[in-house]
Structure formats: structure tokens, C-alpha cells
Amino acid sequence: MFRDGVRIFGMLILMLASGSRGQAQIPSILIQPDIRVFTVLGALRAAGFDEGSLLLHPAGLPIAREFRNPPTDLKARLKNFYDSHRRGKDPQEELTKYISLAFVIDGPPDFKPLLAPGQMPPDASSVAGLTSLLGEFYAKARVESVWSRYKHLHDRAVLDYRPLINRMIMTTEGYLRLRSGVYRGRQLVLVPDYLVPPNTFNARTYQSSYYFLFSPSKSPKISEIRHQFLHFLLDPFAARYPLPVEQRKVLTEIMAVGSEHPESAGHGVQEMVTESLIKAVEMRLDRLPQEEAEVSLNAAVGSGALLCPHFFSALQTFEKEFEGFQLYYRKLLSDLDIAAVWKAREAALSSRPRETAPVNRLTEVERLIRQARSSLGSDQLVRAAELFNLVLDRHDSRNGEALYGLGIVAVSRGDKDGARDYFGRTVASESCPDSVKVWAYIYLGRLFDLDDDREEAILQYRAAVALGDDTRGAQSVARSGLLEPFQPK
């Protein structure tokens, strides 16, 4: 599937079980970096992408610096292309379409599209013109040399993630009672890369190829990888065993209710069925308590996974049987109650305006944050970390105040890498108030100063000044950081 430009640094042990013994087996699940992704991300860095607004894993910073100064003329053309194709202010959204492009082009030296213009995903097609510059960038920025020089980092990521992913695969397949033979010639490729921001995940599916790009982190988010793995396992079932026409018609009507684009609802029934099943399997695997399961089921229906309650209940029966999922799948849909689906959808829609659950949850989050801050102020670092992590694990994995608090805990413990990771995630949090974010930028600037990386430090202080918030004299501190490097007393 990959061309010569893609180096395989590691692969999982799972192989296709089908085929005769005389045939060479094709790896079905791989974990490996991808030089196409690496080159595209390097070109974006050369073009000035994000300029510090999306922080990198500490291991990715020296890699990004390698691509800052290609030949002046090439840098100008890359920057012109990037600026002329920006459609919004969110760097994460801009990044996504370039990642999509990376997975539908050939490797070096040409980086030609593998698909005709009309067959390309729309987001990739919108930036396909970058391919005309990638070959030149690959040669003049010496991408192959940089790729080889940092090979050990990707090797380490593969070694760190492989046992975790293998365990996840064994647990998931064991629950579903599936054998690897159900892959039927398809591939799932897990791609670690340090040039994407921490906790960034991009899943792509092109025909029989599934990709999942992620940035390695100190706290691996295996649940996101599991979600793509479940798509890899379960997508074929809805296509192979479609619902009866009448049921599809009614479900289309239900999906159209409350939808911003009711005319397109009919095209997504198959996808909705699979997403509902995946969410239900995740809840069963996570063994959620009954109260949490009910909240999650209501949220799933509200998000459009209409059949999640049905599958959640049906899977409880499946767990008591001995039949494998491949044979049992049709039974899961045999007693589908459309009236119950209607009722669940109406309940989810009617609960939207009141927003009672979010208000209650927000109150709980605020209580935990206050307790954590109190513990932090009393120098009870272990207790503070437990409470901040409780907010992330149970309520909001991107809560900026909790991430900032964990950054402060890491600073107190002398863990610079951990602090940089948490403060980087803080400034990337959409819900984080400016009063917290401004100090996260300042702490990042100080951490870079301590590492003698003045250029990166200045970017962080500038971001704090640009934010404009002056909580606890932040603006004066940030401007002082611009004038001279931070020196701890």
C-alpha cells in the first residue's frame, strides 16, 4: 500500500489469517511513521504554520527548527501558498486538510497525487496544489537527512505504543469474539509523528485503508486509537448487512429532525448505525456504572448515534452467548424498536434547550477545581493532581484550568517536560479563560528560556501580550520576558 518513500520502523504482530500457507501474509495493522506526513508537516512549518499557537511535544521542537529556514525563494512560495489557502482562524482546522492530503499522495521524490482530482477528498483537493512544491522542498530542505537523524524518536514511540495497542486489540477482539481473518485484505496504519501538536488525532479512511495520525505523549490516549480500530473492525458489517428499506426510510426521517442539513440525512444511515454500535461497544468495554452509562447514552443519541441505546442493551445479551460477533451481528438488529428510537431522539432534542445536565456538570467541575486549587495552595501536590485529573477523566479532557493546574504541579516537581506539555494543552483548550491562558503562555516562555531557546520563548511572551488579559499583572510580566530572558531567583 505504501510506496518506496515510506519506511516501516515497526509493525504490530497481527497478520491476515486468510490465504494458503504458501502465500506471503500481508500485515493488517501497522504502527509506523510516514515520510509523506513528515514532509508535508515540515513544509507547513517552513511556511510559518501556527507560529507557536499550537505547541509541540518537546521532542518535536528541534525537528520543527530544522525546517524553519529553507532557501528564501522556496520559503516565500510556501508561505504564499499557505496564506492564500487559509479559510479560517483555527490552526487545527488548517492542519487537518494538509494531513488529509498527505495520505493521498505518493512518497518522495515526486509526491504525486495517487487519486484523480475528482476522487480526492474535498479537504485534500482544496490544497492539492502544494504537491508542486513538495518535491523541491524535500530536496532543498534535506528532509531525508532530518528524517534519518530523528529516526530514534519514532523508534521509541513505536516501542512505547506497541504493547499498549496490542493489549487494546486483544481486549477488543476478545470481547467481540472476532478473529483477525475478518480484516479481509484491509489495513489499519497508525502513524506517530512529533510534528503534530500533543493530543492531536486525525483519522482517515480511504477505501480499504484506514489511517490514524497521532502525536506521542506521556499519557497515551489509547481510547482514540481504539475508536478508529473499531471502525476498522465494524465498518464492513453495516455495508454487508444493511437494514431493511422501510427501517432505513424511517431512520432517515428521524435523523432529519433537528438536523441543520435534513436533505443529506439519508446518505448517513449506514455511518450512523456503525457509529452507534462503536459507542455502545466502547461503553460496554469501559464497564461504565449504570448512572454514567445513562448519561453517556443520552449524549450519544443527542450527537446523532440514534441506535446506541439499542446496541448497548443488545450487547448485554451477546455477552452471555457463545456465538462470535461475525455471526451474531444480524441478531443485534433483529428486534430493533423504531418507536423506541423515536422516543429517545425526541427526549434528547427536548432536553437541549434546558441544558440541565451541563449546568450540573459545570458546578461539579467548579467544585473540583476549587478543591484542587486549595490543595495546591497548601502544597498538597498529590491531592491537587488527583483532583485536576478527576476533572479531565470524568468531565472534560480539555479543561484548561485543570490542565493549567497540572502544569503548576509539574513545575513544583521540577518536571519541565511535563509542565510544557500541560501548558501547551492549556493554551490549545477552547474553553480555557484568557485569565488562565495568559499565564500558561508566560510559563511556557519561561520554560523555553530555561532551555536557552530564546526564539521560542519570545513567541510565547508575544502570545501572552497579544491576548491582552492583565490578570495578576500578566502584561507587565510578559513584556519583561520580551526584554530579557527569565532567570529564576
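Counting only protein chain heavy atoms and rolling a 1.4 Å probe, the accessible areas of Leu447, Leu115 rank, largest first, as Leu115, Leu447. Sorted on the mean count of surrounding Cβ atoms within 10 Å across their residues, most packed first, peptides 165-174, 127-136 read 127-136, 165-174. The calculated P(r) of region 36-152, using every Cα pair and 10 Å bins from 0, goes 13, 48, 34, 4 in percent. With helices as the sole contributors, the chain gives -18500 deg cm²/dmol at 222 nm; each DSSP H run of n ≥ 4 counts as -39500 (n - 2.57), and the sum is divided by every residue.
Only one of (i) 38; (ii) 50; (iii) 43 was calculated from the structure for percent of Cα pairs over 36 Å apart, and its label is (i). What the chain shows is 48 Å² of accessible area per residue, with the surface traced by a 1.4 Å probe over protein heavy atoms.
Summarise the accessible area of the chain (1.4 Å probe, protein heavy atoms) by the percent that is carbon and sulfur. Reported share for carbon and sulfur atoms: 51 percent.
When both bridge partners sit in the chain, DSSP labels roughly 50% of those beta bridges antiparallel. Once C-alpha pairs closer than 8 Å and six or more residues apart are averaged by separation and normalised to the residue number of the chain, the relative contact order reads 12 percent. Take the Cβ atoms of Ser208 and Arg248, set R0 to 25 Å, and the FRET efficiency comes out at 0.55. For the pair Leu288 and His152, the difference between a 0.36 nm per residue extended length and the Cα-Cα distance amounts to 45.1 nm.
The values are calculated or read from the model by the stated rules, or taken from the named source; none is laboratory data. Keep in mind that what you see is a predicted model, and the values were worked out from it rather than measured. Cβ atoms come from the backbone with ideal geometry, glycine included; neighbour counts cover every protein chain shown. These accessible areas exclude ligands, DNA and RNA; they are computed on the full protein's heavy atoms, side chains included. Shrake-Rupley method; radii C 1.70, N 1.55, O 1.52, S 1.80 Å.
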